[in-house]
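Data first, discussion second: the structure below is written as structure tokens.
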Amino acid sequence: MKALTQKLVETFSPSGYEAQIRAVVRAEIEPFADEIQVDALGNLIARKGQLKPGGSRIMLSAHIDEIGVIATHIDENGFVRFTTIGGVRPHTCLGGRVRFINGVQGVIGAERLDDLYKVPTFEQLYIDVGRDSRDGHPVRVGDVAGFDRPFADLGKRMVAKSMDDRIGAVVLIEAMRQIKDTPHELFFVFSVQEEVGVRGATTAAFGVDPDLGLAVDVTGTGDTPKARKMEVSLGNGPAIKVRDGGMLADPRVVDWMVQTAEKQHLPYQLEILEGGSTDARAIQLTRAGVPAGCLSIPCRYIHSPSEMVDTQDVENSIRLMVALLSQPVELK
Amino acid sequence: MKKTNEFSLPRIGATQIKLLEKLSNACAVAGDEGEVRKIVLEQIGPHADEVNVDALGNVLAYHRGTGEKRLRVMVAAHMDEVGFMITADDGDGFYRFDVVGGVDAYKLVGKAVLIGKEHIPGVIGIKPVHLTNAEERKRPVELEALRIDIGPAAGKVKVGDRATFATRFTQLGPSLCGKALDDRLGVATLIELLKNAPPHIDLLAAFTVQEENGLRGARVASFALMPDLAFVLDATPAHDLPTWDGSENARYNSRLGMGPAIYVADTSALHDPRLVRHLMVTADTFGIPYQIRQPGGGGTDAGAIHKQRAGIPSVSISVPTRYLHSPASIARLADWQNDLALVQAALLRLTPDLLKETR
């Protein structure tokens, strides 16, 4: 699981430019899928299983895009001005490194800051790729880059950029591998453009037209020094989403997830996230509406280049997902 | 028609500029696009196999191609413009109003406007400098302090009427100057494309409504048309002015005279990289100048189209235009010509294989 995680998080695929990670995931899931397709926006959709009595069409969604930056201007001295893709914040950029899709690396620098205690604006930041003029510059306006930070295995914990939401993809890939018998027709969606407004899941959900939907994504925690109060901690098990900034999870789906976790003696925690949302929102609102929920993996330092998850939480998320998908679902 | 190796590309001539003038001078604030729709319907009638006006007022025109496996290609341009709506009659010819779409209040003082279907003239007024005190002069202009003054002319204007700038179209040397070039330039371009529709595709022309208040027309138009892919023709701000301190202008969005602006990313969409590449390769092949619009804020009808149904590969291409959403915007004739040439050439070069490439 750690090797797979490292492979996924060390691939660069900011929103809208998911070709590289899609190829990596596709190679992993090909042996376990009955059918694979890529839709118009680039969502990778793998079907597994055939409907049996008591079965449902279930859409699972983990997004494979990541936050990043995009070049807006190359100045006369070769510095690259940029804007953001998804929820990047300036204080996580300073001193950071980025890697463009074409392989070019750069560091983020700042104009002279008059007040060191004030976070700079993006207008004050630039990327230095080691050039001193516009001539023959390897970056063009519109080129996209991801944050560059290697995977770190801390034993109990794992740290990397884009743990949001490659760790969700890990859970789905492992679940696909382990599910032997299911009454359901399962659609494993590795979705695109989540970080810019759950756009991939919007079109994927319309195309799949499921009876039931589950997203797998990361959620914040309240267990760090002077953290915002939140009833989720690293290592206390998968989080079952009740609510976030964009969705009220279907209470029947929440009950089904809770009862399955208890039956399997798996640890779990209930999650109420004040901001943010997931692909589950897009699934819930597609067509005439779909019962939807979300299995969340607790994660510290979300949208920084060093997002941390607990290895046991990931293992238990995979177990819970396999258990959820192996039996008929009766929502009540 | 300018002959190239393989294709003929349409040109902008006196007829096309005359049509743009008519379109620019027409009043069609979001939600009340009738005047522009009438011109569009007159123009495209003889050139389309089928023309429908949908429930929201979008004009949807089909040009069927010939041959097997034709791509269904949607090309959209919005008919509506920003403007005002009369919200209250204050008596004696004074009317309160609200803005429709993105308009800054400080641009409005002293501007001449036309109200309603009869184009009743009026002026936007505020207290003159003679009567303001130092404190008032420091305050930004607030919409609540502004009124449209029509004379008075009893019974001519009612609450709910739309109003827009009274600017008349003119040519300034190599430039075009008028109100609502956003997006009458796109409308005029789309009319030309329909007149020169390539035979190997089905061209689904969507003259959309209510773009300026949230891409609403394009949303329902793309649901109905179900295209394989979409091009969106619009106008994008050019802020290519000198900086006050002579430093390098790094935030211009687009620049006049550098060719049509191809979108990569804006607030509403990450434009399909295959279509962006297709436009760039087409431009290089035909020697048509182009620029990449600076990624950043803003949005076009592509924001609504690409998320429709199971997804529609979409890209936007705009004519760079200064002073958008103001009484008078300025664009270059050459940029418009190159915009039309690039889109026409891009349509001619389309094959179904393009969508089989990795996105």
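The values are calculated or read from the model by the stated rules, or taken from the named source; none is laboratory data. Remember, it's a predicted structure, so these values are computed and weren't measured experimentally. Positions of Cβ are generated from backbone atoms using ideal geometry, with glycine treated the same way; all protein chains shown enter the neighbour counts.
Per-structure values
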read-out: Any hit, region A:53-62, residues being surrounded by fewer than 17 Cβ atoms within 10 Å (Cβ to Cβ) and closer than 27 Å to B:ILE305 by Cβ; value: no
read-out: Matching entry among B:GLU50, B:GLU68, B:GLU21 (being assigned by TED's automatic domain parsing to the domain that holds B:ALA221 and under 20 Å from B:GLY217 (Cβ atoms)); value: B:GLU50
read-out: Search result, residues across region A:1-54 that are of a type in the set (Lys, Arg) and in contact with a Phe, Trp or Tyr (Cβ under 8 Å, 6 or more places away or on another chain); value: A:ARG22, A:ARG47, A:LYS48
read-out: Strands (runs of 3 or more DSSP E) completely within region B:61-109 that count 1 or more residues being at pLDDT 95 or above, surrounded by 18 or more Cβ atoms within 10 Å (Cβ to Cβ) and of a type in the set (Ser, Thr, Tyr); value: B:94-100
read-out: From the options B:ARG251, B:ARG255, residue that is surrounded by fewer than 24 Cβ atoms within 10 Å (Cβ to Cβ), within 10 Å of another protein chain (Cβ to nearest Cβ) and assigned to a loop (DSSP other than H, G, I, E, B); value: B:ARG251
read-out: In region A:159-208, the residues that are more than 14 Å from every other protein chain (Cβ to nearest Cβ), surrounded by fewer than 23 Cβ atoms within 10 Å (Cβ to Cβ) and farther than 20 Å from A:ILE36 by Cβ; value: A:VAL159, A:ASP181, A:PRO183
read-out: Exclusive hit being under 15 Å from the mean Cα position of the chain (by Cα), more than 23 Å from B:LEU342 (Cα to Cα) and touching a residue at least 60 places away in the same chain (Cβ under 8 Å), set B:GLY186, B:GLY160, B:GLY178; value: B:GLY178
read-out: Qualifying residue in region A:31-40 (condition: in a strand (DSSP E or B), buried (at least 18 other Cβ atoms within 10 Å of the Cβ) and more than 14 Å from chain B (Cβ to nearest Cβ)); value: no
read-out: Of residues in region A:1-26 being of a type in the set (A, V, I, L, M) and within 14 Å of another protein chain (Cβ to nearest Cβ), the one surrounded by the fewest Cβ atoms within 10 Å (Cβ to Cβ); value: A:ALA23
read-out: Residue pairs meeting the criteria (Cβ under 7 Å; at least 6 apart or on separate chains; first over 23 Å from B:PRO295 (Cα atoms), in region B:222-251; second assigned to a loop (DSSP other than H, G, I, E, B)); value: B:SER222/B:GLN308; B:SER222/B:ILE312; B:PHE223/B:GLN308; B:PHE223/B:ARG309; B:ALA224/B:ASP54; B:MET226/B:ARG309; B:PRO227/B:ILE312
read-out: Exclusive hit being more than 14 Å from chain B (Cβ to nearest Cβ) and touching a Leu at 6+ places or on another chain (Cβ under 8 Å), set A:ARG97, A:ARG47, A:ARG89; value: A:ARG47
